[in-house]
Amino acid sequence: MVFYFTGTGNSLYIAKKIEEIPVSIPQIMRQEHLEFAADSIGIVAPVYGHEVPTMVKDFLKKAVFHTEYFYMILTYGNRHGGAAELAKKLCDECGVAVNYINVIVMADNWLPGFDMNEQRSMDKKVEENMAAILTDLAARKNWIAEVTDTDRTAHREFLARMSQMPPNVWQHLLRVTDACVGCGICEKVCPAGCVHVVEKRAVHIPENCQTCLACAHACPQKAIRLTIPEVNPDARYRNEHISLQEIIEANCQV
Ligand SMILES: Cc1cc2nc3c(=O)[nH]c(=O)nc-3n(C[C@H](O)[C@H](O)[C@H](O)COP(=O)(O)O)c2cc1C
């Protein structure tokens with residue numbers, strides 16, 4: 001049993017490598033009762049500010065898992081900042097006995113930091129790295145990915161920068177421009193039900209926004225922009241192996 005969260009398809013692609021039909025966290029979170037039993041249970045999720053998305057944290061807090069082998073695979077784009085150690089701490093806090101946590105570098109979908117056209121053309125050795133992870137999982141390896149002092153310092157510095165900003169700054173990152181034609185794709189790809197089309201125009205409601213950027217990346221008009229500068233506002237990203245329909249099925253809350 002594999003659970004996943006995705007904004008632009010990287011984590012879904014990895015989850016599908018492990019199991020043919022993985023379970024979407026945004027969809028399963030609509031259930032009252034979150035208790036699961038399986039031989040092995042895994043979570044695949046992106047790294048946001050070196051940690052897992054808020055909804056994944058909530059899932060870990062609420063769910064009860066009965067398994068011999070629990071693992072997490074975290075997809076990131078540039079610097080994981082000790083994500084495995086932070087995820088281990090989270091599991092400990094949630095009372096989840098975790099056997100294996102690994103990280104895998106993929107295209108970085110963080111628009112303020114990267115040009116998606118460049119990210120798409122970079123070879124980050126995803127297939128080789130994932131093959132090694134699959135071997136680990138098949139062997140039920142017990143292991144947490146190595147974290148260095150440089151990673152820990154990067155995370156401390158990140159937290160120090162964030163402490164200077166308003167607490168909900170991440171949720172206010174998105175804005176809808178006049179290029180919006182009200183097609184509603186943004187509404188369908190949002191895992192938290194934060195985008196609605198009102199009178200033929202998308203409206204973003206910051207509360208509960210996961211900042212996954214699914215809406216911005218999926219908008220055919222590139223009408224959803226960020227409130228901070230983007231490296232290339234004309235370039236958007238979706239994992240090449242994942243269709244728009246799959247993102248919609250993973251995330252749609254309407
Ligand atoms: C809000 C946000 C924060 C991110 N923070 C990090 C980060 O701290 N380190 C990193 O290497 N990548 C970061 N990324 C990039 C994603 O982790 C990466 O592209 C991931 O594979 C996306 O997965 P998805 O396609 O399943 O949504 C961030 C992306 C977003 C949208």
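What follows draws every value from the coordinates through simple rules; no lab data is involved. Please read all numbers here as calculations on a predicted model, not as lab measurements. Cβ placement follows ideal geometry from the backbone for every residue including glycine, while neighbour counts extend to all protein chains displayed.
Fraction of C-alpha pairs exceeding 15 angstrom in the stretch 82-174: 74 percent, rounded to a whole number.
Hydrodynamic estimate: the Kirkwood radius of the stretch 169-251 over Cα pairs, inserted into Stokes-Einstein at 4 °C and 1.567 mPa s, corresponds to D of 101 µm²/s.
Could you state the angle between the C-alpha long axis of helix 149-163 and the longest principal axis of the C-alpha atoms of the chain, as a value from 0 to 90 degrees rounded to the nearest 10? Helix 149-163 sits at roughly 40 degrees to that axis.
Along each principal axis, taking the top coordinate minus the bottom one, the Cα set of the chain gives 52, 40, 35 Å in descending order. Relative contact order of the chain: 22 percent, from C-alpha pairs under 8 Å at least 6 residues apart in sequence. Ranked by the mean number of other Cβ atoms within 10 Å per residue, highest first, peptides 164-171, 114-121, 127-134 order as 114-121, 127-134, 164-171. Among 139-145, 3-9, 48-54, the peptide with the highest mean count of other Cβ atoms within 10 Å heads the list, and the full ranking is 3-9, 48-54, 139-145. I'd like the orientation of helix 83-94 relative to the chain: the angle between its Cα long axis and the longest Cα principal axis, in ° from 0 to 90, rounded to 10. In the chain, helix 83-94 runs at an angle near 80 degrees to the longest axis.
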